[in-house]
Amino acid sequence: MNPTIRFSLFFLSLSLFSLLFRVTGSHAQLQSPDDFLGYELGERWTQQHDVLAYVKHVAQESDYVTLHTYGYTYQHRELVYLIVTSPENHANIEEIRLNNLRLTGLEPGEPTDRNTAVVWLSYNIHGNETAGTEAALRTLHELVRPDHAEPKTWLQNTVVIIDPVLNPDGRERYITGFQQLTGVEVNPSPDAREHYEAWPGGRSNHYLFDLNRDWAWQVQQESQMRYGIYRQWFPHVHADYHEMGYRAPYFFAPAADPFHLAVTDWQREFQNIIGRNHIRYFDAENWLYFTRQRFDLFYPSFGDTWPTFHGAIGMTYEMPGGGFSGLAIDRPEGDTLTLAHKILQHHITGMSTVEAASLNSDRLVNGFRDFFRNSAENPAGAWKTFVVKGDNDPDKIYQLLTTLDTKQIRYGLAGSSRNSTGFNYATGETGRVAIAPEDILVSAYQPQGNLVRVFFEPNPELTDSLTYDITAWEAHYRFGLEGYALQSRMDPAGSVSAADFRQAELTGSETPYAWLLPWASMDDARFLAQITRAGVVSRFASEPFRIEGRSFERGTLMIPREYNQHLDERFDEIVLQAARDHSRSLHGAVTGFSVNPMDLGSTDFRHLETPEIAVLIGEGTASLNAGEIWHFFDHQLGYPATMIHTTSLMRVDLSRYNVLVLPSGNYSGVLTDAAVEKVSAWTRDGGTLILFGQANRLLGGRDGFQLQRKLPEAREPGVEERLQSYGDRNRRAVSSRTSGSIFRVHVDSTHPLGYGYGDLYHSLKTDATAYSYLDSGWNVGSVQPDAHLSGFAGAEALRNLEHTLAFGVQPHGSGQVVYFIDNPLFRGFWENGKLLMANATFFVGR
């Protein structure tokens, strides 16, 4: 049956949603999406300008709807959300919003009796999962159309927030690409070229980030802006709309194991309530679906888990389709999956979600209130207090505290010396720990205590190793901080703010012989990027030194007046302005004579050649990693890099550049023997080549690149292994994997790649590919025995990763090769890894 006809019959059939009746009045001009757009939803895609036009139309014509802009994408597309509720609720919407926040304990004041359920529906965070936005338009209209009475009863006790398209940049990329390949008629054959997206595909945003892995980290501006609105509401239910492989049935809650243990029993129970409501409708239509498999609630940065840890019933809805399905795709089962059918099923779960929330609104609101009350009064989990040592690098503390501020997580100073038993993040061991007055305490006894647990728990318990994403992300490791986790309650005794760790000062001369800046954080790297772009010439210390009563470590920037005379009187102002912009403490040395035999004119201060950076990007590279690198230079370092398409590698004159970055990828048809020889020759002539992920494997062992894989020791399988059942094959396979866990890495901080680090670095290892130590190079970061600290890593993977390279540098002729086996830029959120990339860019090979 034609899906459009089925859609009409669905809402005419007995007992689906309501009896229909005709009303007149203020809604007389409200049009359906089909009437407004001039085509039936599903015939073609609705592009962003038409999406905005229609939602504005509904907001203008219906007193049930208001439209709000919350930001713009990197490509300047408008991001909007709609508030859908009864006119009476709209008249009291601020009271409803504040009342809901008061239930969390994050807003001062006592809640009133106006308990209104809040449901948030998020569509199209993956740009090539296009049915979501189309379904959002259908659901918006269905909730408020004048001849459909029952949704109006739901809206009397429920506020529905609809974000119709979270990733318009990716969605438009996908639609435009598809349309360029489509003929007069849509071709549903899986062989047709229209089903094959060109690199990088439409899934990601402008910077090629997967926004559905960015909810918690908020690296991308779309995520930051969305969370700003989310914080204003704290919905009780959040549904995140997706598509998956086109042969799969529909997935809806309840979710699969493993559940993070911070997920409460009430949240599990309510997932079942909503799921059972969906089942009624899907069973009535004989639609296939599945629950409790594949899509778990563990990694905190999904569109289901992040709201869950904010007290909501967070859910993923997965429709068969994805980018490959296009407008229509033939399936091996003999049917054709159409965009119209996908719209219908997503629309049904949207309506069913609102219905279930409304019918259980009191229970929903009470459970939401208890979530935060229990967290503040009796938080779950073994660890009750988390300590951040006050003598950590102030920039890293500042980064952490600003992150906690945006999440409304409270903290304070210890205020006095205390002793306790706790887990030491640096050693990975539990024992007696000493807490100093200036240490920072983060207590689990607060409204956001569940989120505190998620961020700081040393090694979250994983009830099933078959999980969907990474399994470790702890904040001390992420930011590079020392501290403890305590099982006892310890409340802060004093106040402290992030700004307290931004106390920059200028010492020494205001018109110095040379400016000196210690090297310890990305703020120092951003300072260097800014003055280098302004034409300032710098040097950096390759040995420790002491001058004018101050000690400085390797990596310290020395900015001499002599080499910057071309800037005239602008020299000091450029340096001082950069110091103000990045809150840097500078010392103005009045002399070049030092206490130890390393004067400022020593050759141990190496000239910092201006980096001219090229990044290979395009077909054959892994788009997510390419995007991480691109975003790093554009937004995190603030230094220009030229993105060179992979198809241009053989014709580009690489001599224009002194740094070349190869992201991970399969490089099919790109890294030919001729291409490898070209890159190798460029490196031998003095270039710095930086390799990520699979690029290490593809170049290792070729044309002078000495990196070698470390393979597991061959052994004869025992009888029990040979007789293992087929049904256990997936669990056996994970023994040789790590999907994302934290390892202790020993660092040679005397090497330029390790400047600014201590002896240890905590690396997020996202796969178990192992590489042997370099024979003739510098094993700057090494994984030694007993290195695993947090997250899941299989037994075989742990054995094979002992005595392996995490990152290192190989001299290659006059140049250098930097091997990043572990990705220091993973998803842009592993803050303590970013300085490694800055070191590779500015220092290695100089």
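The values are calculated or read from the model by the stated rules, or taken from the named source; none is laboratory data. Owing to the predicted nature of the structure, the values given are computational and were not obtained by experimental measurement. For neighbour counting, all protein chains shown are included, and Cβ atoms are generated from backbone atoms with ideal geometry for every residue, glycine included. For accessibility, only protein heavy atoms count, side chains too; no ligands or nucleic acids. Shrake-Rupley method; radii C 1.70, N 1.55, O 1.52, S 1.80 Å.
Some points to look at:
- C-alpha center-to-center spacing [segment 226-305, segment 90-153] in angstrom: 17 Å
- In a reduced charge model with +1 at each Lys and Arg Cβ and -1 at each Asp and Glu Cβ, segment 506-580 shows a dipole moment near 200 debye about its Cα centre.
- Distance between the modelled labels on Ala681 and Ser776, one decimal in nanometres: 2.1 nm (7 Å Cα→Cβ projection).
- The residues neighbouring Gly449, those whose beta-carbon lies less than 14 Å from its own, together hold a net charge of +2 under the Lys/Arg +1, Asp/Glu -1 convention.
- Charge tally around Gly687: other residues with Cβ under 15 Å, Lys/Arg +1 each, Asp/Glu -1 each, net -2.
- Cα-based helix-to-principal-axis angle, 570-581 vs the chain, degrees rounded to 10: 50 degrees
- Cα long-axis angle, helix 265-285 against the chain (0 to 90 degrees, to the nearest 10): 50 degrees
- Here the spin labels are modelled as points 7 Å beyond Cα on the Cα-Cβ line, and at Asp370 and Thr406 they lie 3.3 nm apart.
- With all protein chains kept in place, the per residue accessible area of segment 737-839 amounts to 29 square angstrom at a probe of 1.4 angstrom.
- Taking 31 Å as the limit for the C-alpha separation, the pairs Lys396/Lys678; Lys396/Lys765; Lys152/Lys407 exceed it in the case of Lys396/Lys678; Lys152/Lys407.
- With helices as the sole contributors, the chain gives -9000 deg cm²/dmol at 222 nm; each DSSP H run of n ≥ 4 counts as -39500 (n - 2.57), and the sum is divided by every residue.
- For segment 799-811, backbone phi angles converted through the Karplus equation (6.51, -1.76, 1.60; θ = phi - 60°) give residue-by-residue couplings of 4, 6, 7, 5, 6, 10, 8, 9, 7, x, 9, 10, x Hz, Gly and Pro being listed as x.
- Shown for the chain: the carbon plus sulfur share of the solvent-accessible area, taken with all protein chains present and a 1.4 angstrom probe, equals 47%.
- Taking a Cβ cut-off of under 12 Å around Met650, the surrounding Lys, Arg, Asp and Glu residues balance to a net charge of -1, with basic ones at +1 and acidic ones at -1.
- Anisotropy class of segment 391-542 from Cα gyration tensor, a/c 1.5 cut: prolate
- Whether segment 21-177 is rounded, prolate or oblate, judged on the alpha carbon gyration tensor where a/c under 1.5 counts as rounded: oblate
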